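Colleague: Pasting in a structure now, in structure tokens, and then I'll have a few things to ask.
Every number in this text was worked out from the coordinates using simple rules, so none of it is lab data. Everything quoted here is computed from the prediction, not taken from an experiment. With ideal geometry, Cβ positions are generated from the backbone for all residues, glycine too; neighbour counts draw on all protein chains shown.
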Amino acid sequence: MPTDAAAPVAIVDVGSNSVRLVVYEYMSRSPRPIFNEKSLCALGKGVATTGQLPKGGVEKALAALRRFRVLSDIMGVSTLHVLATAAARDASNGAEFLASAAAAIGAPVTLLSGGREAELSAYGVISGITKPDGVVGDLGGGSLELIDVKGAHAGKGTSLPLGGLTLMDASGRSPHAAVKIVREALAGSGIAKLLTGRTFYAVGGTFRALAKLHMSQRNYPLKVIHGYVIPARDAADFAGLVERSNTETLISIDAVSTARRPLLAYGAVVLDEIIHRARPRQIMISVTGVREGLLYEMLDPAQRRQDPLLVAAAQFNKLFSRAPGHAEELNDWTDSFMKSLHVEETKEERRLRHAACLLADVNWRAHPDHRHEESLNIVENAAFLGVDHPGRSFLALAASYRYLGPDADVSPQLRALVSARMLESARILAAGTRAAFVISGAMAGVLPLTPIACVKTKLILTLPRSLADLVSERLQNRLNQLARLIGRESVITIAG
């Protein structure tokens, strides 16, 4: 269905546990949610034992859909997609509910098959994680979808009746009894052949809640769940602990909402059995799933090939920088400098450097005394896709060093998440950026005229004669900072 590229697009997800509305600012390779609301309706509660959607859950879901219809109209949504999953798929009164749901929301409702749901989950992971290689597991209230992903390609998905609400009902509310149910279901799935030694991409609210609890118990320095990695052995030990324990006694349980806690043990059973059967290398949490997968599928091939991190950073630059064109010139300016430095950058290092350049001036409106803190917080917590936690930490450190200077004692917790090479790169980039802003005043049109390059033992900044008066003690100090980091002597020359 054609859409206005600049108008909001909304997706309503009628799931087994919750009914959710997410409104995105517009179609993009890095979709930006402007509204997100869910109603915990537990439509899948009892379906495994009664075969029907519960009356209370249906009433609550229809009320939420009527509200979402009004909100979508208020926000000027151009296109509304409504998806329904396992509960409506499996219940004998599912068709009746879907007709009522379509009337309540004022739009057609698409009932996803298990295979289609798995496919969209895979596209969601492909859209949000750079070059995924492993198996996506989307755990909802009613089902678990499993599908192989590699790069931009998704395999054939399967759906198993292992959602949290389904397991709770089928096991008589016993996580211990749920173990046998999960084990038998996974035995015929072929997951072990696909996943061994690779990454398990965990999608869904219960997996996210487990990750949030794990992060809180570790006092992990980042709060963004997307891209959070847990080594498989650690994840298995943690899942086993959650299975066996009274949820309310777990350390840091306040990190998980009260409504989500009853399903934690069942999610832990599923994760534990997947790890023991398939032996993945690691678990990575993805907040992008079916909804983002649908948006990704709607993009044209050229848009799909765009880098979501660079798209998001460019959006930040356009919205918040003093002169957005300056960041593009900073990319080229640092490209030339890095080439002269004869440092072999990887493709990933180069894209992170470009993202950092695009983000270098997004916080100039903050108070000068706190720009480093605000810059670190903005970048650290931004809803970026296509970047792992070390990469996110690199961007946050580069943003903070850009204000404090490369010798500052910036966030030891974040420094622990990056390699020594990444830390040094962040300091060098920040030192170069600090010099660039003194040269250009953050305005476009200057950096192309003032190249900087390493020539043998010298770091040489060349100014045209028309800009010779830019030479100052402050500029010399900034150049000295950069030169010291790379073992050179700084020199300013005037062309001609």
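Colleague: Any idea how far apart Ala185 and Asp469 come out in nm if each label point goes 7 Å out from Cα toward Cβ?
Modeller: Between Ala185 and Asp469, the label points sit 7.5 nm apart.
Colleague: To the nearest 0.05, how large is the calculated FRET efficiency for His176 and Leu319 if R₀ is 41 Å and r is the Cβ-Cβ distance?
Modeller: Rounded to the nearest 0.05, the efficiency is 0.20.
Colleague: In degrees between 0 and 90, to the nearest 10, how far off the longest principal axis of the chain does helix 473-486 point, with axes built from Cα atoms?
Modeller: That works out to roughly 60 degrees.
Colleague: Could you size up the charge dipole of the chain around its Cα centre, putting +1 on the beta carbon of Lys and Arg and -1 on that of Asp and Glu, and report it in debye to the nearest 20? Don't skip to the end; give the middle numbers.
Modeller: Details: 56 positive and 47 negative charges, 89 e Å.
Charge dipole of the chain: 420 debye, to the nearest 20.
Colleague: Within the range 95-123, what residues put their amide N at less than 18 Å from the label point 7 Å along the Cα-to-Cβ vector of Ala7?
Modeller: Inside the label zone: 106-108.
Colleague: For the Cα atoms of the chain, what angle does the longest principal axis make with the long axis of helix 308-320, in degrees from 0 to 90, nearest 10?
Modeller: For helix 308-320, the angle is close to 60 degrees.
Colleague: Which FRET efficiency value, to the nearest 0.05, do you get for Arg304 and Gln476 by plugging their Cβ-Cβ distance into 1/(1 + (r/R0)^6) with R0 = 41 Å?
Modeller: Numbers: r = 47 Å, r/R0 = 1.14.
Rounded to the nearest 0.05, the efficiency is 0.30.
Colleague: Let's see if you can work this out: charge +1 on each Lys and Arg Cβ, -1 on each Asp and Glu Cβ, no other charges. What is the dipole magnitude of the range 285-423 about its Cα centre, in debye to the nearest 20?
Modeller: Working: 16 positive and 20 negative charges, 27 e Å.
I would put it at about 140 debye.
Colleague: Right, something else. Say the dipole of the range 122-228 comes from +1 at the beta carbon of Lys and Arg and -1 at that of Asp and Glu; which of Ala122, Leu210, Ala178 then lies farthest toward its positive end?
Modeller: Leu210
Colleague: Against the longest principal axis of the chain, how steep is helix 55-74, in degrees 0 to 90 to the nearest 10, with axes from Cα atoms?
Modeller: For helix 55-74, the angle is close to 30 degrees.
Colleague: Grab the Cα-Cα distance for His367 and Gln217, subtract it from 0.36 nm times how many residues apart they are, and report the gain in nm with one decimal.
Modeller: Values: separation 150, 0.36 × 150 = 54.00 nm, distance 3.37 nm.
In short, 50.6 nm is gained.
Colleague: I would also like to ask the following. Could you give the length gained on full extension between Val455 and Ala495, defined as 0.36 nm per residue of separation minus the Cα-Cα distance, in nm? Can you show the working numbers first?
Modeller: Values: separation 40, 0.36 × 40 = 14.40 nm, distance 1.57 nm.
Full extension of this stretch gives 12.8 nm more.
Colleague: Among (i) 0.93; (ii) 1.09; (iii) 1.00, find the value of Cα Rg over 2.2 N^0.38 Å that was calculated from the structure presented, and write down its label.
Modeller: (ii)
Colleague: Of Lys150/Lys193; Lys45/Lys150; Lys223/Lys347, which ones are farther than 25 Å apart at the Cα? Intermediate values should be presented prior to the final figure.
Modeller: On the way: Lys150/Lys193 15 Å; Lys45/Lys150 34 Å; Lys223/Lys347 27 Å.
Checking Cα-Cα distances, Lys45/Lys150; Lys223/Lys347 exceed 25 Å.
Colleague: Now for a separate question. Please give the length that would be gained between Leu241 and Gln413 if that part of the chain were fully extended, namely 0.36 nm times their separation in residues minus their C-alpha to C-alpha distance (nm, one decimal).
Modeller: Extra length from Leu241 to Gln413 when fully extended: 59.3 nm.
Colleague: How big is the charge dipole of the range 1-121 about its Cα centre, in debye rounded to the nearest 20, if each Lys and Arg gets +1 on its Cβ and each Asp and Glu gets -1 on its Cβ?
Modeller: Working: 12 positive and 10 negative charges, 49 e Å.
I would put it at about 240 debye.
Colleague: Would you mind getting me the FRET efficiency between Ser113 and Ser39? Use the beta-carbon distance for r and R0 = 25 Å, nearest 0.05.
Modeller: Values: r = 24 Å, r/R0 = 0.97.
The pair Ser113/Ser39 has a calculated efficiency of 0.55.
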